[in-house]
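Below is one structure, written out as structure tokens, with a few remarks after it.
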Amino acid sequence: NAIMGMTACLLDTDLTSMQRDFVNIVYTSSDQLLSLLNDILDYSKIEAGKLDLEKESFELRGCVEGALDILARKATGKGLELIFDRDNDVPESFIGDSGRLRQILVNL
């Protein structure tokens, strides 16, 4: 968290384009590491039967686009394009745990 906070502050300063790219890489990498640690902690909670799921209304588009934002840099580096295409029969709003859904999508 401290690494992400400091790099976010650094991104608000005057940086050359190369420096900005490097700081963005540090920020993204630390975010991915934090996500990995959270996944490990969640797995431990699942094993112990103590994982609580949220039950709140959320928009599918926002949830999926959040996952795509996390994966965009890696996909672009591999020459891939990520597209969200929802069938019209799929509702836009759901009740559930949007954070867990985003976590599942990122881990696919």
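So which of S35, S30, S93 ends up being among the hydroxyl-bearing types (S, T, Y) and out of contact with any Ser or Thr (no Cβ under 9 Å at 6 or more places or on another chain)?
S35
Quick one: which of L60, L108, L41, L34 is in contact with a helix residue (DSSP H, G or I) (Cβ under 8 Å, 6 or more places away or on another chain) and of a type outside the set (G, A, S)?
That would be L34, the only listed residue that is in contact with a helix residue (DSSP H, G or I) (Cβ under 8 Å, 6 or more places away or on another chain) and of a type outside the set (G, A, S).
Where residues in region 70-95 are more than 30 Å from D21 (Cβ to Cβ) and among the polar types (S, T, N, Q), which of them is surrounded by the most Cβ atoms within 10 Å (Cβ to Cβ)?
Among those residues, the one meeting the criterion is S93.
Please list, ordered by first then second residue, the pairs with beta carbon atoms under 7 Å, 6 or more apart or interchain, first in region 1-19 and over 19 Å from Q32 (Cβ atoms), second surrounded by 10 or more Cβ atoms within 10 Å (Cβ to Cβ).
Final answer for the pair search is L15/V23.
Just to be sure I understand, how many residues within region 1-37 are charged (D, E, K, R) and either assigned by TED's automatic domain parsing to the domain that holds I70 or under 17 Å from L71 (Cα atoms) (or both)?
Selection size over region 1-37: 2.
Right, E47: assigned by TED's automatic domain parsing to the domain that holds D97, in a helix (DSSP H, G or I), more than 13 Å from N107 (Cα to Cα) and among the acidic types (D, E) or not?
No: the conditions fail for E47.
Could you go through region 25-32 and let me know if any residue there is out of contact with any strand residue (DSSP E or B) (no Cβ under 8 Å at 6 or more places or on another chain), surrounded by 14 or more Cβ atoms within 10 Å (Cβ to Cβ) and in contact (Cβ under 8 Å) with a residue 40 or more places away in the chain.
Yes, region 25-32 contains at least one residue that is out of contact with any strand residue (DSSP E or B) (no Cβ under 8 Å at 6 or more places or on another chain), surrounded by 14 or more Cβ atoms within 10 Å (Cβ to Cβ) and in contact (Cβ under 8 Å) with a residue 40 or more places away in the chain.
Table: residues versus (1) more than 22 Å from S29 (Cα to Cα); (2) within 19 Å of the chain's Cα centre (by Cα); (3) not in a helix (DSSP H, G or I).
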| position | (1), (2), (3) |
| --- | --- |
| L53 | yes, yes, yes |
| R61 | yes, yes, no |
| D87 | yes, no, yes |
| R100 | no, yes, no |
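The values are calculated or read from the model by the stated rules, or taken from the named source; none is laboratory data. Quick caveat: nothing in here was measured; it's all calculated off a predicted structure. A quick note on method: Cβ atoms are made from the backbone with ideal geometry, for glycine too, and the neighbour counts reach across all protein chains shown.
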